[in-house]
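Working notes, beginning with the structure itself.
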Amino acid sequence: MQLLQEYGHPSSEATLASINQDLFELAIDHAIHDPDLSLLKLAIAYVNEGIRISGTDTGMAPPDLAAFGTFLDRTKSSLGIEAPRDNTADFLRAANRRQIPWIRLTDGVYQFGWGSKARRLLSTHTDRTSIVAQQMAKSKIATHQVLAAAGVPVPLQGVAYAESKSLELAERFGLPVVVKPANQDLGRGVSTRLTTLQEVRSAYKTASAYGGAVLVEQHVEGDDHRLLVVDGRLLAAVQRLPGGVTGDGNQTLSQLLVALNADPRRGAGMKGMVRIDLDEEALEMLRRQGLTAQSIPQAGQWVVLRQVPIPSRGGTTVAVSERVHPDNRRLAERATRLIGLDMAGIDFVTPDISKSWREVGGAIIEVNSQPLLTSVMLAHPQRDLCGEILDGMFRGDAGRIPVTAIVGSEGQSAVCDLLHRLLCSTGVVAATATRHGVVVGDALESWQSASGCAARDALLTDPLVESAVMELTAAGLLSEGHPCDRYAVGALISVLPKVQAQLTPDFAARMMAEVLERATDAVVINADDALCLSMLRHAQTRRHIFFSSVQGHAAVQDHILQGGEAVCLTRDGVVLFAAGQQTCVLPHAELPEDEQQNSSPSDLGINPILCAIALAHALGLDVPQIRKGLSCKVAGSALT
């Protein structure tokens, strides 16, 4: 788990899955999609073997630590490549803190929440980010035109495809000017505060190297700010300072730079502040200030070493959220609205953010449709900005739809189909996935087997689904793990004496009992199966619903007497015992014909009906709704 977190994987808490003598297994939820997990498993095997032999004299050779180190290095490389990028890992960690489930859909795209309550993010692009707005914001020229036409303060701007045109625009606007590529982000190719035509020539060559148009803009005097607007309101604001050093009157600029880079917060990459090298850009900035690397600036003298004030170029940020003047706030929110974005980073230059742009001047330089949150988060270390964004998206909800997990050795598919019928009859868009296929609403969507994790992918990523019903097996849980971190309702319906070779009945029952451990609202248990009944001790919810086809079942009767709930086959038919009352749900005359004639029903006779009724009751359906559902037919259901 530490290894995963070290390389940017927002893992949840590890769960002890099993213990076998000196060996143990851990189950860890993580965001890895398809890394070379064989390497990770082999590394774990080495650790397990080392633990096993460390306390016993088995005569076995100790693990090959050199080989282990090689495999571990390769595993780290795989984990690093596979780690979520940009803002994504921060969103995943924020979701974990809020118990919002997430699913990796594809490279960079994650779904937060399930089914009809789900939202999707690609970094800070959401499923509601307009592609039109995105393309408009991507074009600096189009953004400038739209904002200028609407009366938003923007600098004078012109497009140059030749050096001579850039010089002409610079003379027209008046020096100083800014020159930058029209198709780049993150400050690439940008040259600021150009005060001579020679500097404009040099800047044009730098910008044109990226291909496409080059923009020449009027220089706007003031401090650079990033204003983060989410869902139409300003969420946070920072002032961005270019990378540089402050003199102490004793050390040279080279020495000051060494001390600056010794800050542990500085490193490579885009997750925080980065190192500032004494490179060509830094030397040029020193030249403009009449300094060299060996100059000793006075105490308190600020020396700028970077042109663009962003963290990914060595800059720093200062929080100014509480100082933003209402006029400046409205300006940022209006610019976002004019472009049509649901989330935007507004680059705003003004001499004083606490005063109205109408009073002291200012202009919007750019609108970013997929803003990196690094600069804002660095200035607000105490704020959970990604969490605040998720809170706004989900309005305080965890984004979960009811998921019912039905596990057993046989009969799960029949129960899934019947419960799906009952749910659909109430008007809910229910979906079920079993070994026989996938049904969403009244449509059979696939004949392919979709139990376990395949059920999660088929059901919980479908925006139509309001309630999901999944079939699980012990073998599937052992090989794939759980499709969900929790279930609204879990049902354990059967443990046959004969199971797969690697699973004894007791072990299979224990594997299946994990469904009961993850159920949050209620569990449904087949009281006629002794192993199922014995697993009830693993349930974490206090609401236990039994079902039984054995009349006068002692354990069921005791459960009912203690105020418990049950669905039983009696002489009158199928009866629900709940809240101290008993209600006939399905009269004896309406039972399937083979059950009316069978005084000792088989497990796969009436039991699926009993279980489905118990599950429907657990999910909040009342008796009239259950009766209605039993008489309905849903297209695609195996029981129609």
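Among the residues making up the range 308-338, those that are at pLDDT 95 or above and open to solvent by less than 10 Å² (accessible area, probe 1.4 Å) are V320, N328, A332, A335, T336.
Restrict the check to the range 373-395 and report whether at least one residue is without any contact (Cβ under 8 Å) to a residue 60 or more places away in the chain and under 30 Å from V132 (Cα atoms). The answer is yes, given that some residue of the range 373-395 is without any contact (Cβ under 8 Å) to a residue 60 or more places away in the chain and under 30 Å from V132 (Cα atoms). Screening the candidates L533, L478, L444 for the property of being surrounded by fewer than 18 Cβ atoms within 10 Å (Cβ to Cβ) and free of Cβ contacts under 8 Å to residues at least 60 places away in the same chain yields one hit, L478. Annotation for the range 167-186: no member residue is β-branched (V, I, T) and open to solvent by 30 Å² or more (accessible area, probe 1.4 Å).
Annotation: L227 fulfils all but one of (1) hydrophobic (A, V, I, L, M, F, W, C); (2) buried (at least 19 other Cβ atoms within 10 Å of the Cβ); (3) over 37 Å from the mean Cα position of the chain (by Cα); the unmet one is (3).
All of L459, L423, L378 fail the test of being at pLDDT below 95, surrounded by 20 or more Cβ atoms within 10 Å (Cβ to Cβ) and in contact with a Ser or Thr (Cβ under 8 Å, 6 or more places away or on another chain), apart from L378.
Kindly provide the set of residues from the range 143-156 that are free of Cβ contacts under 8 Å to residues at least 60 places away in the same chain and open to solvent by less than 60 Å² (accessible area, probe 1.4 Å), ordered by number. First the steps, then the outcome.
Just the residues of the range 143-156 that are free of Cβ contacts under 8 Å to residues at least 60 places away in the same chain, to begin with: 144-145, 148-149, 151.
Of everything in the range 143-156, those that are free of Cβ contacts under 8 Å to residues at least 60 places away in the same chain and open to solvent by less than 60 Å² (accessible area, probe 1.4 Å) turn out to be H144, A148, G151.
Considering the range 176-188, the residues that are within 24 Å of P371 (Cα to Cα) and assigned to a loop (DSSP other than H, G, I, E, B) include one that is modelled with the highest pLDDT, namely A182. The set of residues in the range 536-571 being out of contact with any strand residue (DSSP E or B) (no Cβ under 8 Å at 6 or more places or on another chain), within 21 Å of P608 (Cβ to Cβ) and either surrounded by 15 or more Cβ atoms within 10 Å (Cβ to Cβ) or among the hydroxyl-bearing types (S, T, Y) (or both) consists of T570 alone.
Residues that are open to solvent by 60 Å² or more (accessible area, probe 1.4 Å), in a helix (DSSP H, G or I) and in contact with a Gly (Cβ under 9 Å, 6 or more places away or on another chain) within the range 189-211 comprise just one, T206. Among the residues of the range 116-151, those identified as closer than 22 Å to G187 by Cβ and part of a loop (DSSP other than H, G, I, E, B) are S123, T124, S139. Every test in (1) part of a strand (DSSP E or B); (2) open to solvent by 20 Å² or more (accessible area, probe 1.4 Å); (3) out of contact with any helix residue (DSSP H, G or I) (no Cβ under 8 Å at 6 or more places or on another chain) is passed by V159 save one, and that test is (3). Report, by residue number, each residue of the range 214-273 that is of a type in the set (G, A, S), closer than 17 Å to L372 by Cβ and in a strand (DSSP E or B). Matches in the range 214-273: A236, A237, G267.
Among the residues in the range 356-373, are any touching a His at 6+ places or on another chain (Cβ under 6 Å), more than 20 Å from T317 (Cβ to Cβ) and not in a helix (DSSP H, G or I)? Yes; the residues of the range 356-373 include at least one that is touching a His at 6+ places or on another chain (Cβ under 6 Å), more than 20 Å from T317 (Cβ to Cβ) and not in a helix (DSSP H, G or I). Residues in the range 289-307 that are outside any loop (DSSP other than H, G, I, E, B) and either open to solvent by less than 20 Å² (accessible area, probe 1.4 Å) or among the charged types (D, E, K, R) (or both): V303 alone. Taken over the range 99-135, the criterion of being buried (at least 18 other Cβ atoms within 10 Å of the Cβ) and farther than 17 Å from L460 by Cα is satisfied by L122, S123, T124, H125, T126, T129, A133. Pairs meeting the criteria (first residue in the range 572-594 and farther than 16 Å from G629 by Cβ and open to solvent by 80 Å² or more (accessible area, probe 1.4 Å), second residue modelled with pLDDT under 90 and not in a helix (DSSP H, G or I), beta carbons under 8 Å, at least 6 apart or on different chains) are D594/G605. For the range 85-98, a residue qualifies if it is open to solvent by 30 Å² or more (accessible area, probe 1.4 Å) and in a loop (DSSP other than H, G, I, E, B), and the qualifying residues are R85, D86, R98.
The values are calculated or read from the model by the stated rules, or taken from the named source; none is laboratory data. Computed from a prediction, not measured in an experiment: that's the story for all the values here. Positions of Cβ are generated from backbone atoms using ideal geometry, with glycine treated the same way; all protein chains shown enter the neighbour counts. For the accessible areas, the whole protein counts, side chains as well, though only heavy atoms, and no ligand, DNA or RNA atoms are used. Shrake-Rupley method; radii C 1.70, N 1.55, O 1.52, S 1.80 Å.
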